[in-house]
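The values are calculated or read from the model by the stated rules, or taken from the named source; none is laboratory data. The structure presented is a predicted model; accordingly, all values stated were derived computationally and were not measured. Quick reminder, even Gly has a Cβ in these numbers, built from the backbone with ideal geometry, and neighbours come from all protein chains shown. Surface accessibility is based on the protein's heavy atoms, side chains included, excluding ligands, DNA and RNA. Shrake-Rupley method; radii C 1.70, N 1.55, O 1.52, S 1.80 Å.
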Amino acid sequence: MPVIIGRLLIAPLLLELGERYPQLSFDIAYSDRRADLIEEGIDLGIRSGVLDDSTTLAARPLGRQVMAVYASLGYLAKHSRPTSFDDLLVQRESHRFVGYARQGWRQPWRFASADGAAASVPFEVESRFACDALDVVMDGAVAGWGLARVPVWMAAGHVAAGRLVRVFDEPEPFGYELHAVWPRMRTLPMKVRVVIDTLLARLPHSMAAAKAGE
C-alpha cells in the first residue's frame with residue numbers, strides 16, 4: 001500500500017480489524033511502487049491513481065484523495081499569493097516549489113481541466129527540494145521552502161494549527177482514486193473480503209474526518 005495513507009489511515013483500521021478477528025493475520029508492506037501481486041504472492045494491494053487494464057486483477061474503488069496547494073504564512077508574506085491555477089501559471093517564475101519525486105523523476109502537479117474533460121492538466125514543477133515521501137514534502141512547505149501540493153486530508157492538521165494555509169480553492173478539485181486490487185479468482189477468500197469491506201466502509205470517512213480538521 002502507499003506509504004503515507006497506508007501508515008496514517010489504513011494501518012489503524014487493520015489493527016482494529018485484527019482485534020475484532022484474532023485469527024486474521026497481516027503482513028503489511030509500504031511502498032509507492034506497483035507490486036506484481038500475483039508474482040509476489042500478495043493477497044491484496046491498495047493503489048492510488050489510474051489503474052491499468054488487466055484480465056488477471058480485480059479492483060474496488062475506496063475513495064479519492066483530493067489534492068490542494070499549500071504554503072506557510074511566512075512564505076506567503078514574502079511572495080505574491082496566487083488566487084487560482086491560472087494565476088499560478090502567470091506567477092510561476094516568482095515562486096519556489098517543494099516537489100514530489102518518484103524514482104528520481106519529479107512528478108508534475110495535476111489539476112482538473114477547466115472544461116470538465118477527463119484528462120487532467122499537468123503543471124511541471126522545478127524545485128530545489130524534492131522527496132519521494134509526501135509527509136516530508138509537506139514538512140518542506142511548513143518550513144517555508146515553497147508551495148507544495150499534497151492531499152487535503154494530510155494537510156488538515158497543519159492547517160488547523162496555523163502552520164499551513166491552502167493557497168487557493170479549485171472550482172473542480174483534482175484527486176487520485178484509491179482502489180483495493182487483488183488477483184482475480186472464482187471465489188474471493190473471506191480474509192480478503194472482510195478487509196475490503198472494512199476499508200470500503202471506513203476509509204472514506206477517515207479521509208473526510210481528517211479533512212474536516214481544516
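In square angstrom, rounded to the nearest 10, how much accessible surface does residue 202 have for a 1.4 Å probe?
Accessible area, nearest 10 Å²: 80 Å².
Would you please give the residues with an amide H less than 5 Å from that of residue 101, counting only those at least 5 places away or on a separate chain, with H modeled from the backbone geometry?
So residue 101 has HN proximity to 107, 131, 132, 133.
Relative to the longest principal axis of the C-alpha atoms of the chain, give the angle of the C-alpha long axis of helix 190-212, reported between 0 and 90° and rounded to the nearest 10°.
20
Mind listing which GluC sites (Glu not before Pro) in the range 53-141 are in a DSSP loop and have 15 or fewer other Cβ atoms within 10 Å?
124, 126
Show me, for the range 103-112, the HN-Hα J-couplings you get by feeding each phi into the Karplus relation (A = 6.51, B = -1.76, C = 1.60, θ = phi - 60°), rounded to Hz, glycine and proline as x.
6, x, 10, 5, 7, x, 6, 10, 10, 5
Counting helices only, and only those DSSP H runs with n ≥ 4, report the 222 nm mean residue ellipticity of the chain as the sum of -39,500 (n - 2.57) divided by its residues, in deg cm²/dmol to the nearest 500.
Roughly -9000 deg cm²/dmol at 222 nm, from the helical runs in the chain.
What list of ³J(HN,Hα) couplings, whole Hz, do you get for the range 59-71 from phi and the Karplus terms 6.51, -1.76, 1.60, once you set θ to phi - 60° and write x for glycine and proline?
With coefficients 6.51, -1.76 and 1.60, one gets 8, 9, x, 10, x, 9, 8, 6, 9, 8, 9, 10, 7 Hz.
Compute the long axis of helix 11-20 from its Cα atoms, compare it with the longest principal axis of the Cα atoms of the chain, and write down the angle in degrees, 0 to 90, nearest 10.
30
Once amide H atoms are placed 1.01 Å from N in the peptide plane, what residues at a sequence separation of 5 or more from residue 147, or on another chain, have their amide H within under 5 Å of its amide H?
The list, which skips near neighbours in sequence, is 96, 97, 98.
Tell me the trypsin sites (Lys or Arg not before Pro) within the range 137-186 that lie in a loop according to DSSP and have at most 14 other beta-carbon atoms within 10 Å.
Passing both the DSSP loop test and the Cβ count: 184, 186.
For the range 57-98, compute Rh as the Kirkwood radius over C-alpha pairs and then the Stokes-Einstein diffusion coefficient at 20 °C and 1.002 mPa s; write the answer in µm²/s, rounded to an integer.
For these conditions, the coefficient is 166 µm²/s.
List the GluC sites (Glu not before Pro) within the range 1-63 that DSSP assigns to loop and that have no more than 13 neighbouring Cβ atoms inside 10 Å.
Sites meeting the loop and neighbour criteria: 39, 40.
Semi-axes, largest first, in whole Å: what does sqrt of 5 times each Cα gyration tensor eigenvalue give for the range 77-161?
After scaling each eigenvalue by five and taking roots: 20, 16, 15 Å.
So for the range 1-104, what are the equivalent ellipsoid semi-axes in whole Å, largest first, each being the square root of 5 times an eigenvalue of the Cα gyration tensor?
37, 18, 12
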